[in-house]
1. In segment 344-358, is there at least one residue being under 17 Å from the mean Cα position of the chain (by Cα) and under 16 Å from Val501 (Cβ atoms)?
2. For segment 525-543, how many residues are in contact (Cβ under 8 Å) with a residue 60 or more places away in the chain and touching a strand residue (DSSP E or B) at 6+ places or on another chain (Cβ under 7 Å)?
3. Is segment 297-309 home to any residue that is over 16 Å from Leu614 (Cα atoms), of a type outside the set (Ser, Thr, Tyr) and at pLDDT 75 or above?
4. From the residues in segment 230-256 that are β-branched (Val, Ile, Thr) and surrounded by fewer than 21 Cβ atoms within 10 Å (Cβ to Cβ), which one is farthest from Lys579 (Cα to Cα)?
5. For residues that are among the β-branched types (Val, Ile, Thr) and in contact (Cβ under 8 Å) with a residue 60 or more places away in the chain, scanning just segment 608-653, find the one that is surrounded by the fewest Cβ atoms within 10 Å (Cβ to Cβ).
6. Considering (1) more than 23 Å from Ser330 (Cβ to Cβ); (2) at pLDDT 95 or above; (3) not acidic (Asp, Glu); (4) not in a helix (DSSP H, G or I), say which one Val639 fails and leave the rest.
7. With the requirement that a residue be loosely packed, with under 13 Cβ neighbours inside 10 Å and either of a type in the set (Gly, Ala, Ser) or in contact with a helix residue (DSSP H, G or I) (Cβ under 7 Å, 6 or more places away or on another chain) (or both), what does segment 147-164 give you?
Amino acid sequence: MSLLVRVNVREERQGLAFVTETRSCLVFISLFYKCAYNIAGVITRKRRLINGGAIPYFWCFKAPSYYLLVLLLLHAALPAVVLSSPSQSQDLLADAETEEQMGLPVWLLYIAAQRAAEQQALNAEIVSPLSYVAGAPVTFDASNSVSKGGDLTYLWTLAKPDGSYTVLKSFDGQQVIVEPDIHGPYTLTLTVTNPRGLTSKDSVTFTPDLPAPETLPDFIATTPPTPVVVDRTDAIRLLYQSTFGPRIEDVDNLMDVGANEWFQSQLAMSPAGYVDAWASIADAFGDIDGVPDANGVRLHHETFMLNALYGPDQLRHRMTYALSQLLVISADFDFAAHDQLVLGYVDVLHNNAFGNYRDLLRAVALHPAMGMFLAMLGNEKADPSRNIRPDENFARELMQLFTIGLQELNQDGTPLLADDGEPTQTYRPLDVQNYAAALTGWYFADLESYRFGSTFHSVEHSQRLPAMTAYPDFHQTSQKKLLRGYYVPAGATAEQSLETVLDSLFYHPNLAPFISLNLIKSFVTSNPSPGYVGRVSAVFNRDAHGERGNLSSVIQAVLFDEEARLSVSEQLDNYGRAKDPLLRFLNYSRFFDVQGYDEERREQLRRRPSQEFLTAPSVFNFFSPVHVPNSDFADLDLVAPEFQIITSEALVSDSGLYAYMKSSEEWELCCAGESDDSKIYWIYSDLGGLPDLLESSGTVAAIAYLDIYLTQGRLSETSKAALLEAYDDTLTNALLAGEREWLLVTLRQLIYQIVSSPEYFIQR
């Protein structure tokens, strides 16, 4: 009796393995039974393509009839064995070897008709959508897969193009979601298995289209409010908001020319270069390399103080200061004494303070100081062989701190909530990776002695470093998926990639409310109303000239919004902002016209405020814009950013500074024991005209004068009465005695009391 066994599998590798196992089992059984008949050496294997690529394997052998029992047992033990029907087996046998060639009658064994039908009825089927778009989730369905052998199990696998980070997600067996992230071929394969171990496969290959970048709405062109001040107190308030503090002549000029002309004149002033100002200071110190002298003078800080105290373009300097706390670098990083490098970065902020925010972003991204601080300089493409991947530092902060923030926003600055009521993230870790890869390949320019990745420390102090340049060999040219439909195509240069990165963020709907909110907090109030933010955002989105991101229009909207110009009596209790220590000191010094004893060397006090320019501890600035100092603020849903550095230690330190400043008419800068010629002093000038006012109008008038100029009339009646009681007699007696030194000392004590008050700490 001859038996024909057909083993049919759909994958060649599995088929070979199985046939080998089956043959071994037959040989083992044959030896076990020690049958009188040898298994004929007539064993034939042949491949045939069936069903579009499936490869069957069949084995023919002749054996005694009692092998029927053996084969039945084998069939039960190895459920994947399918024995063919007689007609199918006859055809296969005819192709393999004729009955005469076999030499024996052939009896076709039909054992598994039911299993054969089960296999034929098993079918995997993927139902896929008609179109695919990169960045859009796609659902694939396997519910049309059929089986007569019981419930199926489903296995999904995905082959994806190089550079893709796509993973299968949200699948319950019959369904799977694929979100292709780049343009390229994807192959999704489904394997279904029934309870008897039989399998069937189906696959679909697709290449998603790249979506068109999402566009912003066609915003209505919005004209910023007309610059107007209503009275002298409002003029003083405006100068506190927009400059480093009012001087008497500044207030007089603003009232004479009007707010609009004053504002336009500030915009029209040519930028005063920080590097150029540094050069004059360094030259005065005999220190052109920028190395601090023996007294620890930090020239980048002195340069800032020179401009902040005496620069005529006060609005631009104040905008520079605000931008330095938004687009942060820190001189306490690894810049040593490279003041020109640091101040070159400040010049970028200063020169672009009234320009377009996109231009500013590009200049910031390519400046070597920012490149060093956040590791974009020398950022290389991925190289697994050297365990290198693109540094994510700059890419992350570019999104989180410089442009769009962590959460989706409405145009009024309030969080954009998802359907579940929770805030929506603006980006994911995968987005950071893609942005980092797009920003590879940048390094120093025009430095022949440098190669990509070399250290910076031997750069000459006097070098004015230009913007970074692209090095193609170190740029990652793979395709990158950015936010909101923006893609960097494969093969794009570093320059092209940077422009696409900037476009994706500049045209993000979050940019306007995020930047508007930060600028309002820097200039006017820490807790603006949504309406205020929305009005400034509208100007950012599209000003009267049709321009997006025009900072001159934006700062006009910030300063002259109806909420910014509310009188003190009209303001809510939560209005205003705390002055940070440096701003508070500059306010004081400008009003009292603090001057250097040597006009050619206007340097700062050796005793300094607790905060120095450009020395933030990290890229997150001196303080967070959402800092909540205590539960009282939390209960009222208020923030107070500056209170993060107005600590008890800082208050004690700054109080000591002001106490020192009131102690004498001249403040010695240099150390004791040096010659008088080498000493630098600071003097009060005439205390803002107070002595003359006191002599003509008395102590009450002097206190009222200080109240208006230092606190905008916010001192309580109780406070003013206490000051009058404490100083009236002393001041009057000094006037009568003609003791000017006694008079000045007493006036400085009175001033000290006011600048130490809560009303002076808070800018309203």
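1. For segment 344-358, residues under 17 Å from the mean Cα position of the chain (by Cα) and under 16 Å from Val501 (Cβ atoms): present.
2. Count: 5.
3. yes
4. Val230
5. Looking at residues that are among the β-branched types (Val, Ile, Thr) and in contact (Cβ under 8 Å) with a residue 60 or more places away in the chain, I get Thr615.
6. Exception for Val639: condition (1).
7. Passing the criteria: Lys148, Gly150, Ala159.
For (1) touching a helix residue (DSSP H, G or I) at 6+ places or on another chain (Cβ under 8 Å); (2) in a helix (DSSP H, G or I); (3) at pLDDT 65 or above, each residue gets a yes or a no:
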site	(1), (2), (3)
Cys671	no, no, no
Asp677	no, yes, no
Leu693	yes, yes, yes
Ala702	yes, yes, yes
Tyr709	yes, yes, yes
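The values are calculated or read from the model by the stated rules, or taken from the named source; none is laboratory data. If you're wondering where the values come from, they're calculated on a predicted model, not measured in any experiment. Please note: Cβ atoms are built from the backbone with ideal geometry, for glycine as well, and neighbour counts cover all protein chains shown.
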